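The values are calculated or read from the model by the stated rules, or taken from the named source; none is laboratory data. As the structure is a computational prediction, the values presented were derived from the model and not from experiment. Note that we place each Cβ from the backbone using ideal geometry, even for glycine, and neighbour counts take in every protein chain shown.
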Amino acid sequence: MLIAITRGVSPAIQNCQLTHKERQPIDLELSEQQHRNYQEKLSVLGCQVIKLPAEPNLPDSVFVEDVAIVLDEMAIITRPGAESRRPEITAVAEALVPFRELARITYPATLDGGDVLRVGKSVFVGISSRTNQAGFEQLWGLLEPLGYSVTPVSVSGCLHLKSAVTQVSVDTLLLNRDWIDLELFSHLRHIAVHPDESHAANALLIGEKIIYPSSYPRTRQRLEVDGLSLFPIDVSELIKAEGAVTCCSLVFPS
Ligand code: CIR
C-alpha cells in the first residue's frame, strides 16, 4: 500500500515564497478545488491519502515535499532553506512517526525536499538557493552508509532540482536541458520538455502512472508519444505559488 501525505492549501497562500515568479493573485477557492482533485488522483492511483489540516499561518505549507524525504529505511526531516517554512516540519514529522524512524537535517545545513531526486539507489541533491553544501553533506552522511550513491547537482535558473528534472518511468527522466547538466544523468533515458514550456519538467510518477499538470500540453504530447500513461490535472493556482505536482505530496510504501 502506498501512503500519500498531503496538507490543505493555507488560506495565506497568497503570501507564499516566490523566487523566479512574479506575484499574481491566487484564487484560494480554486486552489483548494485543484488540490482536492490532486488528492483524488492520488487515491485513484492506489494511495491511501493522509490529509493534514491547512495551516493558516504557514503560506507554503501545502508543499509538503520540501519538509521530508521518505526512504524505505528512514524519513529525513529537512531544514527548509526559507526561514518562513521551517515551522512546517512539525506536523509532517508527527504524521511520519507511525511509518518510519526519523532523522533530521540540522543547522547550519539547509535542505528542501524539492532538491532531492531519488532514482533507485541513486540520490541527486540540488545545490540551490534553498539547499546548501552542508545540507548535501548531512544527507550524504545519512544515506551513504545505507548503500545510496549521493551526488550534488548545481541548480540555477529554477527553484529546485525537481523543477528541472523528474523521473517518468523506471529508466526515463523528464528534464529541462537549460537548467540541468545532462552528463550527470547520462545512464538514464531522457525526454526534454518542449522549448515553449520551460517549467514542464515536474511530473509525479506513481507506480507506472504519471500525475501531470495540464498546463503543458506540448510536453505532455512528448510523454504520450513515448508510451507513458498520463493523468493530467489542472494545478494552475499552485503553479502561481511556484509549486507543481511533486511538491504537494510525500508518497511512499507503508
Ligand atoms: C516556495 O518557494 O518554497 C514555495 N512557494 C514553492 C515550493 C515548491 N516546492 C517544490 O517544488 N518542491
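Need the failing condition index for residue 99 against (1) hydrophobic (A, V, I, L, M, F, W, C); (2) out of contact with any Gly (no Cβ under 8 Å at 6 or more places or on another chain); (3) within 16 Å of the ligand (Cβ to nearest atom), just the number.
(3)
It is to be established whether one or more residues within segment 225-234 are acidic (Asp, Glu), away from the ligand (no atom under 16 Å from the Cβ), closer than 26 Å to residue 20 by Cβ and touching a residue at least 60 places away in the same chain (Cβ under 8 Å). Reasoning before the result, please.
So in segment 225-234, the residues acidic (Asp, Glu) come out as 226, 234.
After this cut, where a residue has to be away from the ligand (no atom under 16 Å from the Cβ) as well, the list is 226, 234.
Subsequent filtering for residues that are closer than 26 Å to residue 20 by Cβ retains 234.
From what is left, the residues that are touching a residue at least 60 places away in the same chain (Cβ under 8 Å) are 234.
Yes; the residues of segment 225-234 include at least one that is acidic (Asp, Glu), away from the ligand (no atom under 16 Å from the Cβ), closer than 26 Å to residue 20 by Cβ and touching a residue at least 60 places away in the same chain (Cβ under 8 Å).
Here are some conditions: (1) within 16 Å of the ligand (Cβ to nearest atom); (2) closer than 26 Å to residue 119 by Cα. Residue 57 meets all but one. Which one does it not meet?
(2)
Answer with yes or no whether residue 18 is within 15 Å of the ligand (Cβ to nearest atom), at pLDDT 95 or above, surrounded by fewer than 17 Cβ atoms within 10 Å (Cβ to Cβ) and within 17 Å of the chain's Cα centre (by Cα).
On the way: within 15 Å of the ligand (Cβ to nearest atom): yes; at pLDDT 95 or above: yes; surrounded by fewer than 17 Cβ atoms within 10 Å (Cβ to Cβ): yes; within 17 Å of the chain's Cα centre (by Cα): yes.
Taking the combined requirement at face value, the residue satisfies it.
Can you confirm whether residue 222 is assigned to a helix (DSSP H, G or I), away from the ligand (no atom under 12 Å from the Cβ) and either at positive phi or surrounded by fewer than 17 Cβ atoms within 10 Å (Cβ to Cβ) (or both)?
Values: assigned to a helix (DSSP H, G or I): yes; away from the ligand (no atom under 12 Å from the Cβ): yes; either at positive phi or surrounded by fewer than 17 Cβ atoms within 10 Å (Cβ to Cβ) (or both): no.
The answer is no for residue 222.
More than 17 Å from the chain's Cα centre (by Cα), at pLDDT 95 or above and within 16 Å of the ligand (Cβ to nearest atom), is that true of residue 13? If you could, list the steps in order and put the result at the bottom.
Details: more than 17 Å from the chain's Cα centre (by Cα): yes; at pLDDT 95 or above: yes; within 16 Å of the ligand (Cβ to nearest atom): yes.
Considered against the rule, which asks whether it is more than 17 Å from the chain's Cα centre (by Cα), at pLDDT 95 or above and within 16 Å of the ligand (Cβ to nearest atom), residue 13 comes out as yes.
Taking the criterion of being touching a Lys or Arg at 6+ places or on another chain (Cβ under 8 Å) and polar (S, T, N, Q), would at least one residue in segment 43-57 satisfy it? Before the answer, list the steps.
We begin by selecting, within segment 43-57, every residue touching a Lys or Arg at 6+ places or on another chain (Cβ under 8 Å); these are 45, 51-55.
After this cut, where a residue has to be polar (S, T, N, Q) as well, the list is none.
There is no residue in segment 43-57 that is touching a Lys or Arg at 6+ places or on another chain (Cβ under 8 Å) and polar (S, T, N, Q).
Name the one entry in 174, 142 that is surrounded by 15 or more Cβ atoms within 10 Å (Cβ to Cβ), modelled with pLDDT of 95 or more and within 17 Å of residue 221 (Cα to Cα). Steps first, please.
Working: 142 fails: within 17 Å of residue 221 (Cα to Cα).
Answer to the selection: 174.
I need the full set of residues from segment 118-137 which are touching a residue at least 40 places away in the same chain (Cβ under 8 Å), assigned to a strand (DSSP E or B) and not charged (D, E, K, R), in order please.
Those that are touching a residue at least 40 places away in the same chain (Cβ under 8 Å), assigned to a strand (DSSP E or B) and not charged (D, E, K, R): 119, 124.
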